[in-house]
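To start, the structure under review is shown below, and the notes come after it.
The values are calculated or read from the model by the stated rules, or taken from the named source; none is laboratory data. Computed from a predicted structure; not experimentally measured. Virtual Cβ from ideal backbone geometry, glycine too; neighbours counted across all protein chains shown. Note: accessible area is taken over every heavy atom of the protein model, side chains too, but ligands, DNA and RNA are not part of it. Shrake-Rupley method; radii C 1.70, N 1.55, O 1.52, S 1.80 Å.
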Amino acid sequence: MALLLDLANIVGGFLLAVALLRMLPRVGDDLRRGADRIARFAWVVGLVALVTGGYWLIVHLVSGPRVFHFEIVGIGVGVALLWDRLTNRPAPRDDRSGSGGATGVRLLLAIFGIIAIIVGIQGLFTPDG
């Protein structure tokens, strides 16, 4: 279950951060194409992040030792990826304007995506007990 949360944080963070990552020289276009291929599964990643983050939040609230940042970030990733399905409004991460840049809410979500990637990688190397 913890591995699912970590992987959801990494993949979901990548999907959120692609607005910034595509600006990287030499690899930006490849990252954008990779994100376009898995973008149709963003709702699955969001659902996994939301469920596993909620599960670990409940476990740590009930039996301790404390709430960890892994589950908070996972819940945030899940809500961000499921935003259009939860609110029936277009997600801010979608570039429908054609501007191509990450500004405003898209920039905030992209920075949160970078943080989610880092937290997911940290979770892979953190012991569960």
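Descriptive notes on the structure:
- The modelled label-to-label distance between ARG89 and TRP43, using points 7 Å beyond Cα along the C-beta direction, is 1.9 nm.
- Neighbourhood net charge (12 Å Cβ-Cβ; Lys/Arg +1, Asp/Glu -1) for LEU5: -3
- Per residue value of the accessible surface for the chain (all protein chains in place, 1.4 Å probe), Å²: 59
- Annotation note: trypsin sites (Lys or Arg not before Pro) in region 20-122 located in DSSP loop regions with a Cβ neighbour count of at most 11 within 10 Å are ARG26, ARG66, ARG96.
- Computed from Cα positions, the angle between helix 69-81 and the longest principal axis of the chain comes to roughly 40 degrees.
- Distances between every pair of Cα atoms in the chain, grouped in 10 Å steps from 0 to the bin holding the largest one, split as 14, 44, 30, 10, 2 percent.
- Here region 1-120 exposes an accessible surface that is 68 percent carbon and sulfur, computed with a 1.4 Å probe and the other protein chains kept in place.
- Residue-averaged 222 nm ellipticity for the chain, from DSSP H runs of 4+ at -39500 (n - 2.57), nearest 500: -23000 deg cm²/dmol
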